[in-house]
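Notes follow the structure.
The values are calculated or read from the model by the stated rules, or taken from the named source; none is laboratory data. The model shown is predicted, which means the values in this text are computed figures rather than measured ones. With ideal geometry, Cβ positions are generated from the backbone for all residues, glycine too; neighbour counts draw on all protein chains shown. Only protein heavy atoms, including side chains, enter the accessible area calculation; ligands, DNA and RNA are left aside. Shrake-Rupley method; radii C 1.70, N 1.55, O 1.52, S 1.80 Å.
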Amino acid sequence: MIPPGFVHDLLARTDIVEVVGRHVELKKAGINHKGLCPFHGEKTPSFTVSPSRQTYHCFGCGVHGNAIGFLMEHTGAGFVEAVEDLAQRVGMVVPQDERSSEERERAKAQKARQITLTDVLARAGDHYRAQLKKTPRAVEYLKRRGLTGQIAKHFGLGYAPEGWRTLASAFPAYDDPLLVEAGLVITPEASDAQEQKRYDRFRDRVMFPIRNVQGETIGFGGRVLDRGEPKYLNSPETPVFHKGRELYGLFEGRTGIRQRGYALVVEGYMDVVALAQHGFENAVATLGTACTAEHVQKLFRFTDSVVFSFDGDAAGRRAAGRALEAALPHATEQRTIRFLFLPTEHDPDSYVRDLGAEAFERAVEAAMPLSRQLLQVSSEGCDLAGPEGRARMLATARPLWSLLPDDGLLKRQILGELARAAQLPEEELRALWSGQPTRPEGVRPPAADSTRRPGRAGPPQRAAAPRGARRSPAKAADHAVRLLLQHNELWADLSTEEHALLHELPGGHGDLVAWLERHLLHHGPSPWAVVEAGLAADGLVEPFQALLRPTVGLAEETQPLADLRASLRLLESDRLEQAAAEIVRVAQPSSAQLQELSRLKRRLAELKASRLPPTVES
């Protein structure tokens, strides 16, 4: 762990204006500096850097922090990497962290390997670009697609020749294992008696370098010039390239996204390049995979508005459904998400070439908002004229609606739209979907009970609980959240149900869990120093000071996963007992409610039988 005192001294010696100015064009504005926010699209500068406070703040999207936080958010660097970068610039030496020498050497080797791989890929990109200039057939292909040399240079397009081992002329040793590890060369399996015959992965293809947000080449996409299969070929997964995380064109399109105010997500490399040729420099593409929540989250670091463009055929509709699921957890009233469906005979490339930029601009303006797309997906194949069709529509809509962020205005608005489409009162649908019992008209709700637990949403609790019912210790939630913050690698070991249980924790506990999940999506499992810096950058240390204070001491837990699951069992038992108590209080429970009560009791018995000795205060 890097000592906090060193971090404090480092920030005191760092000029945040110089750090931010390397990435953002800043202009003096009184005692501060201003520029266009790099984290969302805007036309009027609202991003302020204060040299006196050594902080940055955007009045548009609310991001704020210090020099370390800026490097972590803008460049994707980890905490240690950002500290080392700043320390090198001001001439300070970072103290040794508390990892073992083996762990430090392993991390150092991994970082060195990644740098080496990106260097290898960059060299291959230079080779492909040189080959393009020597190959009139490839140049003519790009011209037929309406691309100029300027656009080809902007995206670093190249050409992989027809030969089986043309990369041998670009690298001193064709048998270098790095060529295989980088995904450039294929080595078929061979018996001991046979020689392994290497050959280039990409042959006779136009090459599209895939770059991360730092501008490093991390992979390639290749398209055949004539007929051939597969039409598109991507680099395999490597230590530096993960298809589910990266977006083609994001590095090249950051300025265009900021200028136009939205990101346009398409399905192919050629769509991105062709749209840029016609003035739409804000397009990005997924890399042969469905759009993921990580893709969407990455886009919202650069803009508050995303438009998904799909072909109008069945495959395009399916892709739009997956994009909708990925986008819903990130949809808020401050963000705009829309869906554009082109005619079945067109993709974005052919549409903008045949009909022009103005026609495509009008199509984007008419794109379907997320709320209507959700309703359309839910009602597909449903006859809303009859109760069966409306019930089926609601059954499809409920899991999608539940993906929206809780307590948001958008979630409430969409619930109202669904209720109207289903011809149900909004309050009745809300009660059904929140698990609350509905009551006939004219029946007054029970009076608030003084024994209701503070901070717990839901109906009032009566003093008389079912025999054997017990309250889960309040400190079980504290202990679970502290363990997760300290040992956040455990998140991947938990089930979907356990994730949901943690997200549903009341008050600040659930907020910290949601923050941690976002942190893990961006940065992966991190030591406590990184988590603490992230919490501080987001202003979460002070509000949760009492909860976070004992976190450091948890580092010595011998069985953190077992202790975490013990706390989760206590929390689940508490939730199940409350649900059982609700059913018991119903005067005439239905058969479905009685079956649910039996299920709850069985699950409670299982939890009791599997309960370990308590590790938290009871």
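D by Stokes-Einstein for the range 106-255, Kirkwood Rh over Cα pairs, 37 °C, 0.692 mPa s: 203 µm²/s. A probe of 1.4 angstrom, applied to the heavy atoms of all protein chains, finds Glu267 with accessible area near 80 square angstrom. Figure legend: label point modelled 7 angstrom from the Cα of Ala357 along Cα→Cβ; residues of the range 244-277 with amide N under 12 Å from it are 275-277. With all pairs of separate Cα atoms included, the range 182-272 yields a Kirkwood hydrodynamic radius of 15.1 Å. With a 1.4 Å probe rolled over the protein heavy atoms of all chains, the accessible area of Ile257, Ile186 falls in the order Ile186, Ile257, largest first. Solvent-accessible surface of the range 223-364, averaged per residue with a 1.4 angstrom probe and all protein chains in place: 38 square angstrom. If the segment from Ser50 to Lys27 were pulled out straight at 0.36 nm per residue, it would be longer than the present Cα-Cα gap by 7.1 nm. Tell me, what is the FRET efficiency for Gln259 and Tyr174 to the nearest 0.05, using R0 = 30 angstrom and their Cβ-Cβ distance as r? Approximately 0.10, to the nearest 0.05. As a ratio to 2.2 N^0.38 Å, the alpha-carbon radius of gyration computed for the range 295-373 takes the value 1.11. Surface listing: Phe360, Phe341, Phe171 arranged by accessible area from highest to lowest gives Phe341, Phe171, Phe360, probe 1.4 Å. Once you treat every alpha carbon in the range 325-366 as an equal point and sum by Debye, what is log10 I(q)/I(0) at q = 0.29 Å⁻¹? Log-scaled intensity ratios, in q order: -0.97. The mean of 1/r over all pairs of different alpha-carbon atoms in the range 1-72, once inverted, gives a Kirkwood hydrodynamic radius of 12.6 Å. Each of Gln588 and Glu388 was given a label point 7 Å from its Cα along the Cα-to-Cβ line. The distance between the two points is 2.9 nm.
Taking packing as the residue-averaged number of other Cβ atoms within 10 angstrom, the listed peptides 476-487, 218-229 run from highest to lowest as 476-487, 218-229.
Per the Kirkwood formula applied to alpha carbons, the range 255-326 shows a radius of gyration over Rh ratio, Rg over Rh, of 0.95.
Between Arg372 and Ala314, the simple label model (points 7 Å from Cα in the Cβ direction) yields a spacing of 2.6 nm. By a 1.4 Å probe calculation restricted to protein chains, Thr118 has an accessible surface near 20 Å², given to the nearest 10.
Here the simple spin-label model places points 7 Å from the Cα toward Cβ, and for Asp9 and His503 these points are separated by 4.4 nm.
Sparse packing (at most 12 other Cβ atoms within 10 Å of the Cβ) combined with a DSSP loop state is found for the following GluC sites (Glu not before Pro) in the range 1-77: Glu25. Taking the empirical scaling 2.2 N^0.38 Å for compact globular proteins as reference, the range 557-599 has a Cα radius of gyration ratio of 1.64.
Based on the Cβ-Cβ distance of Lys608 and Ser434, what FRET efficiency does E = 1/(1 + (r/R0)^6) give at R0 = 25 Å, to the nearest 0.05? Efficiency, from the Cβ-Cβ distance: 0.35.
Were the residues from Gln214 through Glu345 laid out at 0.36 nm apart, the gain over their Cα-Cα distance would be 43.5 nm. Classify the range 242-372 as rounded, prolate or oblate from the Cα gyration tensor: take a ≥ b ≥ c as the square roots of its eigenvalues, call it rounded if a/c is under 1.5, otherwise prolate when a/b beats b/c and oblate if not. Rounded.
Largest accessible area first, the residues Val7, Val306 order themselves as Val7, Val306 under a 1.4 Å probe with ligands, DNA and RNA left out.
Seen from all directions on average, the range 209-316 presents a Cα convex hull projection of 7.3 nm². Using R0 = 51 Å, the C-beta based FRET efficiency linking Ala562 and Arg165 works out to 0.45.
When nucleic acids and ligands are ignored and a 1.4 Å probe is applied, Ile583 ends up with an accessible area of around 20 Å².
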